[in-house]
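Single-structure report; data block below.
The values are calculated or read from the model by the stated rules, or taken from the named source; none is laboratory data. Here the structure is a predicted model, which is why all the values come from computation and not from measurement. Every residue, glycine as well, gets a Cβ built from its backbone with ideal geometry; the counts of neighbours run over all protein chains shown.
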Amino acid sequence: MIPLNLVDELVAFLTEGFKNYQLPTNKKTVKPPQIVGGFLPPKNSPASVEPDFPYIIVRLMKGEDELQVSNKGGQSQAYIRFIFGTYSEDHQGWRELANIMEHTRQLLLKNRTIGRKFCLKEKIKWDIPEDQPYPEWVGTMETIWLIAQPQEEVLHFGEVFID
């Protein structure tokens, strides 16, 4: 549940951060990027009437838990991948892609704690692959977030629990 809360908080945060940002769509209009958690809506769903491009997908990839050893606290982290897509028939479309990736990077670095409980950790890695599906332009960004770790509940031998 906690990693899903992180995805939801990031979607809300980026939606606010991009509300005044306008980019070309694959339907010859302009709009802010759609920002979704997980995956784009299926093509035959009611949400698919909106153009796919531009978009930012916030995808939960994996997690890790370091357990507490002696008096060192443990920590948990979630790996989030942002997938970016823009559309441009002009061969300079990679610039719009780079701009939304940079805007996202700056938003995250200026606000390293999201939802007052998820903290950006260590580094941000981003990538614009050389092969692009022109006229669509895609890139990714990898982040690691510290998330809450439950406290251990210790049961003692000899205790009897009756429902």
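Residues in region 43-94 that are over 18 Å from LYS117 (Cα atoms), modelled with pLDDT of 75 or more, out of contact with any Gly (no Cβ under 9 Å at 6 or more places or on another chain) and not hydrophobic (A, V, I, L, M, F, W, C): LYS43, LYS62, ARG81, SER88, GLU89, ASP90, HIS91, GLN92, GLY93.
Among residues that are more than 11 Å from the chain's Cα centre (by Cα), modelled with pLDDT of 95 or more and over 19 Å from LYS123 (Cα atoms), GLY17 is included. Exactly one of (1) in contact with an Asp or Glu (Cβ under 7 Å, 6 or more places away or on another chain); (2) closer than 24 Å to GLY37 by Cα is unmet by ARG105. Its number? If we test ARG105 against (1) in contact with an Asp or Glu (Cβ under 7 Å, 6 or more places away or on another chain); (2) closer than 24 Å to GLY37 by Cα, just (1) comes out false. Residues being surrounded by 16 or more Cβ atoms within 10 Å (Cβ to Cβ) and either modelled with pLDDT under 95 or of a type in the set (Lys, Arg) (or both) are represented in region 148-155 by at least one member. For first residues located in region 86-114 and under 16 Å from GLU130 (Cβ atoms), partners that are modelled with pLDDT of 95 or more and exposed (fewer than 11 other Cβ atoms within 10 Å of the Cβ) and lie 6+ apart or on another chain with Cβ distances below 8 Å do not occur. For region 1-54, filtering for residues that are in contact (Cβ under 8 Å) with a residue 60 or more places away in the chain, assigned to a loop (DSSP other than H, G, I, E, B) and surrounded by fewer than 16 Cβ atoms within 10 Å (Cβ to Cβ) leaves 1.
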